[in-house]
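Written out below as structure tokens is the structure these notes cover.
The values are calculated or read from the model by the stated rules, or taken from the named source; none is laboratory data. What you see is a predicted model; the values in this text were computed from it and never measured. Using ideal geometry, Cβ is built from the backbone for each residue, glycine included, and neighbour counts are taken over all protein chains shown. Just so you know, the surface numbers come from the protein's heavy atoms only, side chains and all, with ligands and any DNA or RNA stripped out. Shrake-Rupley method; radii C 1.70, N 1.55, O 1.52, S 1.80 Å.
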Amino acid sequence: MAMRSHYCGLVTEALLGQTVSLCGWVNRRRDHGGVIFIDLRDREGFVQVVCDPDRAEMFGIAEGVRNEYCVQAKGLVRARPDGTVNDSLKSGKIEVLCHELIVLNPSVTPPFQLDDDNLSETTRLTHRVLDLRRPYMQNNLMLRYRVSMEVRKFLDANGFVDVETPMLTKSTPEGARDYLVPSRVHDGHFFALPQSPQLFKQLLMVAGFDRYYQITKCFRDEDLRADRQPEFTQIDIETSFLSEEEIREIFQGMIKTVFLKTINVDLGEFPVMTYQDAMYRYGSDKPDLRVKLEFTEVTDVMAGVDFKVFSAAATMKNGRVVALRVPGGARESGGMPRSEIDAYTEFVKIYGAKGLAYIKVNEITKGREGLQSPIVKNIHDKALHEVLSRTGAQDGDLIFFGADKAKIVNDAMGALRIKIGHSEFGKKNGLFEKSWRPMWVVDFPMFEYDEEAQRYTATHHPFTAPKDGHEDWMVTAPEKCISKGYDMVLNGWEMGGGSVRIHRADVQQKVFDALKISPEEAQVKFGFLLDALQYGAPPHGGLAFGLDRIVTLMTGAESIRDVIAFPKTQRAQCLLTQAPSLVDEKQLRELHIRLRNTELVKSA
């Protein structure tokens, strides 16, 4: 018999009466007064192995095994006695009566129990190999594999070709810092690890490959958070001769197929919302539609009120005042306590807000007397009436206000909307719907104005095409330009985004002009792309999905680190391998590099 005839987790009643050979790890050993039970584990799950003292040699080995020993067990598949069933296991109706037990490798005592759900992330990442043995992590990575396979199947069926692009390439500005790799051969020169294959996939379109994809690593040296890693995996896709709508239709179909085939979820319809509408209603370009709260615009009615916080914001350039009605938030019983309101006041300050004004609507028929708030006395009757009317306020409601520059209001109140919706109060009061809510956000602005740099920057990247007819505005009125950009959003996470690209050199030059990139600078940074566009470049566009984010959403994990085998911490470190690390002086000399801090060289 082979060393392994079946996976542990796949031994079922279909194998009753057969002899099997299993390999795996001892998840748990239990001595029940003469009979030893071993829960044997592999990537497919668990099976119960029964060790009877009638077989003395085998039983002696069973007495000595401990958690995480790697063992081989041969035995007879039989029904569990007395009809007992463990419904949580595929193998829950059977057990294996052990005939032979071999210790393939013992284990030292693990630093933690694998079934401990309260492990710190530092412990998990330091001992990542053991952490990956846990069923939670095994299931996550197996799902990740299945997602990748379904993506490949779909793209292959739709004529896409997998083409690899370089990992060592030229440093080009793409929104984040590059990871640089020094060249040993070319003194003083550096490669950059790709932030994305963006330029190369466009070159592949010019080269005539028509439909390209790649599941590839990308690298960005940026501040990290729960949904970011310095290296991440992108499902990168590009097409030729398709319109913006056709591109969205194909990849909406891909994501729907992947969700249905991997976790049996039908995502249903994908509503399409403009960027302007998303910001107006939710303060975010990736709104979580599960939260049933929306902004109410009140900038116009606050311009003449005595409350200076509101009137100043309403009359400043790019100022905004919005109301966020929370149904039931001011009820005497079951409403939002003052401590929670105070906590939200501190919360919005994280996003630059100076505070959080509110009005409690006690009895709306009493007018001003039925409202409770320090700010009511400084807001005239007409404005109060308009606020109550526009928000649709009812008795017992709470209305929060944001007033400042539009960006601060959008960031702070958008985050507050999510915070309230996901809170216990929000869930108890029907402000959150547990569901899958996908959408497209389209018609992004071409440019954003950087106040510090006093210049425009590209909202997506400088190769995004403008809407037809907007080309001339790029020079005369960049703020009016709308792009052919689009993002796919699911439950408040941007799953993927892309655009139709610029395929004409003259239009590309107009973008560079708007960004104040001179022809000389453009040639140095992007010359190879600009040259290629002159050779009959086809109309093309595409997008990229974050594989890590997709699987994180599917699993419900709190961080993308839970769906990556060997991730980095929020300080961009690998606790398992202790990377990044110092290198010795010989390596530095070969690369013609001298460290300014000589102590680092001595330490290495």
- Per the filter on region 322-356, residues open to solvent by 20 Å² or more (accessible area, probe 1.4 Å) and either touching a Cys at 6+ places or on another chain (Cβ under 7 Å) or part of a strand (DSSP E or B) (or both) are Arg325
- Which fully enclosed helices (runs of 4 or more DSSP H) of region 51-145 have 1 or more residues being open to solvent by 50 Å² or more (accessible area, probe 1.4 Å), of a type outside the set (A, V, I, L, M) and under 23 Å from Ser5 (Cα atoms)? 56-64
- Do we have any residue at all in region 242-252 that's farther than 22 Å from Arg437 by Cα and at pLDDT 95 or above? yes
- Task: Keeping to region 405-456, report how many residues are of a type in the set (Asp, Glu) and either modelled with pLDDT of 95 or more or farther than 30 Å from Ser518 by Cα (or both).
- Result: 4
- Query: Scanning region 498-511 for residues that are assigned to a strand (DSSP E or B) and touching a helix residue (DSSP H, G or I) at 6+ places or on another chain (Cβ under 7 Å), which turns out surrounded by the fewest Cβ atoms within 10 Å (Cβ to Cβ)?
  - Reply: Val500
- From the options Lys366, Lys317, Lys360, residue that is without any contact (Cβ under 8 Å) to a residue 40 or more places away in the chain, part of a strand (DSSP E or B) and over 29 Å from the mean Cα position of the chain (by Cα): Lys360
- Item | Identity of the residue in region 250-283, open to solvent by 30 Å² or more (accessible area, probe 1.4 Å), in a loop (DSSP other than H, G, I, E, B) and not charged (D, E, K, R), that ends up nearest to Ala406 (Cα to Cα) | Pro271
- Specify the residue that is nearest to Val151 (Cα to Cα); the eligible residues are those in region 174-221 that are touching a His at 6+ places or on another chain (Cβ under 9 Å), surrounded by fewer than 17 Cβ atoms within 10 Å (Cβ to Cβ) and of a type outside the set (S, T, N, Q). Gly175
- Query: Going through region 278-299 one residue at a time, which ones are within 12 Å of Asn410 (Cβ to Cβ), free of Cβ contacts under 8 Å to residues at least 40 places away in the same chain and out of contact with any Pro (no Cβ under 8 Å at 6 or more places or on another chain)?
  - Reply: Tyr280
- Kindly check whether there is at least one residue in region 444-454 that is open to solvent by less than 40 Å² (accessible area, probe 1.4 Å), in a helix (DSSP H, G or I) and out of contact with any His (no Cβ under 8 Å at 6 or more places or on another chain). no
- Task: Return the residue satisfying two criteria in turn: it lies in region 488-497 and is open to solvent by 10 Å² or more (accessible area, probe 1.4 Å) and either assigned to a strand (DSSP E or B) or at pLDDT below 95 (or both), and of such residues it is farthest from Ile235 (Cα to Cα).
- Result: Trp493
- Item | Criterion violated by Lys484 - all others in (1) open to solvent by 50 Å² or more (accessible area, probe 1.4 Å); (2) basic (Lys, Arg); (3) modelled with pLDDT of 95 or more satisfied | (1)
